[in-house]
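One structure is given below, encoded as structure tokens.
No lab work stands behind these numbers, since they all come straight from the coordinates. None of these values were measured; they are calculated from a predicted model. Here the Cβ is made from the backbone with ideal geometry for all residues, glycine too, and neighbour counts use every protein chain on show.
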Amino acid sequence: MKSSINDRTDLPEKIVKIFKFFDSDEDEFLNYHEFLAFLRIVNPAGAPKFDFTAFTRWCQRVSANPDKGLTVDQLYVTYRDLENTEEALQLHYDKVMSSPKPNMKQQQEEKVRQTIATVQKGNVERGELLRKALQELEIGEERDMARNRRASAIAREAFVRTAARRRSTLAPSDADTLSGSSRRESKINRRASTPGLNLGSKTITLDFVTAMMDNFQAGILLDAPTVIRIVSQATTILEKHENVVHCQIRDKLTVVGDIHGQLEDLLHIFQLNGLPSPRNQYLFNGDWVDRGDCGVEVVLIIFAFKILYPESVFMNRGNHEATDVNSDVDTYAMCFYKECMQKYDREIYDMFSEAFASCPIASVLNNKFFVVHGGLCHKPIQISEIQKIDRFQLHPPYDTVF
């Protein structure tokens, strides 16, 4: 067991007394502040230049731990290295014993006050520079937002013009498919339904959905209460699914991926392949939003068909359905967050986000084909493991989940 410093008879009494004089916390180590107090008395000229870096180097020289400090033996090394050990020790002993015992707490508080004063002085100068920088940044952001608004308006006008040209050139059979008036799909008289603008207290019908698609194609949006109702109903259905949904194909199932807000692409797929129905199943495999400027319309159409045919329309969540991706205004000229804020408000964006978090992760078709948006895992994984994942997160921790 290591003996106490009071029992050290192998060292000069003077070095022991000097050590105890500065060892304010009596832990038998001279830490940085205690050693600095020692220097201020025995070598006042060198003390102001002695910072913690110098203290660390000094500790390395005498094999001390800078986190703890110097022991009495390591302090004595200093005197052994001098030519006139006894003379130096006597000189320092006389200086120390004739000086008032240092108040370490007061010295440390003074050091803190000096540091704070220096920082505050620097902060005044940096604060002025920061204020100017922020002002320039705000001006730049306003300029960028104005440019984005102009670009969005130009894109919207171009989209409406393109949609009008396409509608004017549709063959009667094509128009009939898009309007949803085919009696094979629905027996509802379309003229008696609300033309896709609002639902009120009515239920969602195929006639309403196809009219809504016509309005979207013409650049006409739904009112906010109808959007909220569609998103809410879709969320209720989606959150009941397991993480991995097992789909049984009846006649035909079409997998659609990465629509990315391109309304014209979605409508073209329906034109070629037919609308979703109990015998014409669809699996929308993620990334419905971002990049294109009609992510809201695309998702509302898919949600509406999910409500109409919950066992025939399936949805796998993609990475662009995560809030940390679809709110990245710096990366995408038209991200989903920006689109929602332009067309509706933050409340509706948050509702979409909750709905996306409710979407399943993957699907298995006929117990044979595994379909997932993000590709296969880098390590073997069982479907039962995927079923245990907490998918109800706005932006999943990708590095730990998969």
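Given the convex hull over the Cα atoms of the range 202-329, what projected area results after averaging over all orientations, in nm²? Let's see the in-between values first.
Values: hull surface 31.6 nm².
Projected over every direction and averaged, the Cα hull of the range 202-329 covers 7.9 nm².
How far apart, in nm, are the 7 Å Cα→Cβ label points at ALA45 and SER232?
Inter-label distance under the simple model: 8.3 nm.
Considering amide H positions built from the backbone, and no H for Pro or chain starts, which residues 5 or more places from VAL255, or on another chain, come under 5 Å of its amide H?
HN-HN under 5 Å from VAL255: LEU283.
Over the range 208-287, what is the relative contact order in percent, taking alpha-carbon pairs closer than 8 angstrom and at least six residues apart?
Details: 42 pairs, mean separation 25.6, N = 80.
About 32 percent, as a whole number.
Full-extension gain between LEU221 and ASP350, please, as 0.36 nm times their residue separation minus the C-alpha to C-alpha distance. Present the calculation step by step, with values, prior to reporting the outcome.
On the way: separation 129, 0.36 × 129 = 46.44 nm, distance 1.83 nm.
Here the segment from LEU221 to ASP350 would lengthen by 44.6 nm.
Using all alpha carbons of the range 243-402, what is the percent of pairwise distances in each 5 Å bin, ordered from the shortest bin to the longest?
2, 9, 18, 22, 20, 16, 10, 4, 0
Mind listing the phi-derived Karplus ³J(HN,Hα) values for the range 291-307, rounded to whole Hz, using 6.51, -1.76 and 1.60 with θ = phi - 60°, and x for any glycine or proline?
6, x, 9, 10, x, 4, 5, 4, 5, 5, 5, 5, 4, 4, 5, 5, 5
For GLN90 and LYS252 in the same chain, what is the full-extension length gain: residue separation times 0.36 nm, less their Cα-Cα distance, in nm? Walk me through the numbers before you get to the answer.
On the way: separation 162, 0.36 × 162 = 58.32 nm, distance 9.99 nm.
My answer for the length gained is 48.3 nm.
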